[in-house]
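Colleague: Have a look at the structure that comes next, please.
The values are calculated or read from the model by the stated rules, or taken from the named source; none is laboratory data. Because the structure is predicted, anything quoted here is derived from the model rather than measured. So basically every Cβ, Gly included, is an ideal-geometry build from the backbone, and we count neighbours across all protein chains shown.
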Amino acid sequence: MENHRLITAMVIGKIPFSVLESLKSEMGIITANKTHARGTSSNAGYEMHEMEVLSLTVEGRRAEEVFAYLYDILEMDQPGRGMLLQERLGRCTPYTLPLLDNV
């Protein structure tokens, strides 16, 4: 069984739908999860921040490539933009869709 990685991006503000589209067209990734969140921390002076969280799984051999791609496209080098994390998964099942001839 090939090892897989979970990549999670926590971005202050919105993640444009175009990011998901480019993950498909540029990286061949067809499954990802995007959710909305808000929260605060004592470091932020207890101000509420709205953010979006993007999570996806990739094969271990592609993890660095996809991580770097997300880092660039989400502009994670900007101060206060958010966090980008990568972790090894113990198990992962590939998600595939059947080919439909009559669609």
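Colleague: Filter segment 38-58 down to residues that are of a type outside the set (A, V, I, L, M, F, W, C) and modelled with pLDDT of 90 or more and give me whichever is nearest to residue 5 (Cα to Cα).
Modeller: Here the answer is 57.
Colleague: Scan segment 76-103 residue by residue and report those that are under 18 Å from residue 32 (Cβ atoms) and of a type in the set (Asp, Glu).
Modeller: 87
Colleague: Taking residue 82 and the conditions (1) farther than 30 Å from residue 97 by Cβ; (2) surrounded by fewer than 17 Cβ atoms within 10 Å (Cβ to Cβ), which numbered condition does it fall short on, given that it satisfies the others?
Modeller: For residue 82, the failing item is (2).
Colleague: How many of the residues in segment 19-66 are closer than 25 Å to residue 94 by Cβ and among the small types (Gly, Ala, Ser)?
Modeller: Within segment 19-66, residues that are closer than 25 Å to residue 94 by Cβ and among the small types (Gly, Ala, Ser) number 7.
Colleague: Being surrounded by fewer than 11 Cβ atoms within 10 Å (Cβ to Cβ) and either assigned to a helix (DSSP H, G or I) or modelled with pLDDT under 85 (or both), is that true of even one residue in segment 30-37?
Modeller: The answer is no, given that none of the residues of segment 30-37 is surrounded by fewer than 11 Cβ atoms within 10 Å (Cβ to Cβ) and either assigned to a helix (DSSP H, G or I) or modelled with pLDDT under 85 (or both).
Colleague: Further question: Can you pull out every residue in segment 48-76 that is farther than 21 Å from residue 18 by Cβ, in contact (Cβ under 8 Å) with a residue 40 or more places away in the chain and among the hydrophobic types (A, V, I, L, M, F, W, C)?
Modeller: Residue satisfying the conditions is 63 alone.
Colleague: Sticking with this structure for a sec: If I ask for residues that are more than 24 Å from residue 80 (Cα to Cα) and not charged (D, E, K, R), which ones from segment 11-27 would you list?
Modeller: 25, 27
Colleague: Return the pairs, sorted by first residue and then second, in which the second residue is assigned to a strand (DSSP E or B) and exposed (fewer than 10 other Cβ atoms within 10 Å of the Cβ), the first residue lies in segment 77-103 and is modelled with pLDDT of 85 or more, the beta carbons are less than 6 Å apart, and the residues are 6+ apart or on different chains.
Modeller: Correct list of pairs: empty, since none qualify.
Colleague: I want to confirm something. Restricting to segment 67-77 and keeping residues that are assigned to a helix (DSSP H, G or I) and of a type outside the set (Asp, Glu), which single residue is farthest from residue 88 (Cα to Cα)?
Modeller: The selected residue is 73.
Colleague: Of the conditions (1) surrounded by 14 or more Cβ atoms within 10 Å (Cβ to Cβ); (2) closer than 18 Å to residue 3 by Cα, residue 61 satisfies every one except a single condition; which number is it?
Modeller: With (1) surrounded by 14 or more Cβ atoms within 10 Å (Cβ to Cβ); (2) closer than 18 Å to residue 3 by Cα applied to residue 61, the lone miss is (1).
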